[in-house]
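Below is one structure, written out as structure tokens; comments come after it.
Every number in this text was worked out from the coordinates using simple rules, so none of it is lab data. Just so we're clear, the structure is a prediction, and the values are computed from it rather than from any experiment. Note that each Cβ is placed from the backbone with ideal geometry, even for glycine, and that neighbours are counted across all protein chains shown.
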Amino acid sequence: MGNLVESDSKAVVEVVTSFEAAAVADRDYWHSQTPEACLQHALELRRINYGTDRASGRLQRVLEITRRERS
């Protein structure tokens, strides 16, 4: 596995030597988290990508009803 580097903050960086090792480390990290923590992280990523404006985040739906003439 890689070397763990911890700073004064809560962030921890793991140095790995390959993409395969990184994938294993990521999988192990997320498997160690609670479902609630995973959901909170997903919601944070969603907020970062789409912002906090609730109206623009929703899908727009338009419905138009018309009367057809009988032929």
Under a plain spin-label model, where a point goes 7 Å from the Cα along Cα-to-Cβ, how far apart in nm are residue 16 and residue 67? 6.6
Cα-projected label distance for residue 47 with residue 30, points at 7 Å along beta-carbon direction, nm: 2.0
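What list do you get for 65, 48 if you sort them by fewest beta carbons within 10 Å?
Numbers: 65 4, 48 9.
Taking fewest neighbouring Cβ atoms as first place, the list is 65, 48.
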